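Okay, structure first, notes after.
The values are calculated or read from the model by the stated rules, or taken from the named source; none is laboratory data. Only a predicted model underlies this, so the values are computations on that prediction, with no experimental measurement involved. All Cβ positions, glycine included, derive from the backbone under ideal geometry; neighbour counts span all protein chains shown.
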Amino acid sequence: GYFECGGSIIGNKTILTAAHCLAGMSSAIVKVGSTSSSDDGGGELINSSKLTQHPKYVKRNYDYDIGIITLERPIKIDGVKTKIVRLADKEAQVKPGQSVTVTGWGVTSENGDSSETLRAVDVPIISNDECRKVYRSLTPRMFCAGFPQGGKDAC
């Protein structure tokens, strides 16, 4: 096996992830309770019972890039290594300058190797007008966050 994408626990049998992570897959194995992508980094492996991409997902521009992994059995939620993430209210809005936390196993330097340890960084929301200067395919369901000078972000 290999590590592909991250996700968030939103229920004891439900993982929120990106739709593009599920493309071409019929099943997945989810690792929970670990911040390490290595095989010997602890955690628990749970098989999926169902993979669901948003029905309006568009590969070309990543619109509706959201997916759900339903697990075969419940995650043992301990509140420390495994926690359920509270989703934002439907009416919630992100505002330019507001700080958000992004996580991932991405590269830690330009042209560097991916990290084996889950990392996190706080980045500011960027206005849609500024974002469209770089990402012309921004849709109403997306927002941008990061630093104009680069260096800290998430894919």
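Numbers for the structure displayed
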read-out: Hits in segment 24-34 - residues which are farther than 15 Å from THR14 by Cβ and either in a loop (DSSP other than H, G, I, E, B) or not assigned by TED's automatic domain parsing to the domain that holds ASN12 (or both); value: GLY24, MET25, SER26, SER27, GLY33, SER34
read-out: Candidates LYS76, LYS56 - the one that is assigned by TED's automatic domain parsing to the domain that holds ASN12, within 30 Å of LYS13 (Cβ to Cβ), over 16 Å from the mean Cα position of the chain (by Cα) and not β-branched (Val, Ile, Thr); value: LYS56
read-out: Among residues of segment 95-113, those that are within 27 Å of SER38 (Cβ to Cβ) and either in contact (Cβ under 8 Å) with a residue 60 or more places away in the chain or not hydroxyl-bearing (Ser, Thr, Tyr) (or both), counted; value: 10
read-out: Residue count for segment 35-80, restricted to those that are crowded, with 17+ Cβ neighbours inside 10 Å and part of a strand (DSSP E or B); value: 9
read-out: Among residues of segment 81-124, those that are in contact with a Phe, Trp or Tyr (Cβ under 6 Å, 6 or more places away or on another chain) and not in a loop (DSSP other than H, G, I, E, B), counted; value: 1
read-out: Flag if ASP153 is assigned to a loop (DSSP other than H, G, I, E, B), surrounded by 10 or more Cβ atoms within 10 Å (Cβ to Cβ) and not assigned by TED's automatic domain parsing to the domain that holds SER26; value: yes
read-out: Pair list, Cβ under 7 Å, 6 or more apart: segment 122-140 residue free of Cβ contacts under 8 Å to residues at least 40 places away in the same chain, other residue among the acidic types (Asp, Glu); value: VAL123/ASP153
read-out: Candidates ARG119, ARG141 - the one that is basic (Lys, Arg) and farther than 23 Å from ASN61 by Cα; value: ARG119
read-out: Residues within segment 16-28 that are surrounded by 13 or more Cβ atoms within 10 Å (Cβ to Cβ) and free of Cβ contacts under 8 Å to residues at least 40 places away in the same chain, tallied; value: 1
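Table: residues versus (1) farther than 23 Å from SER137 by Cα; (2) at pLDDT below 90.
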residue	(1), (2)
THR17	no, no
LEU22	no, no
GLU44	yes, no
ASN47	yes, no
ILE77	yes, no
GLN93	no, yes
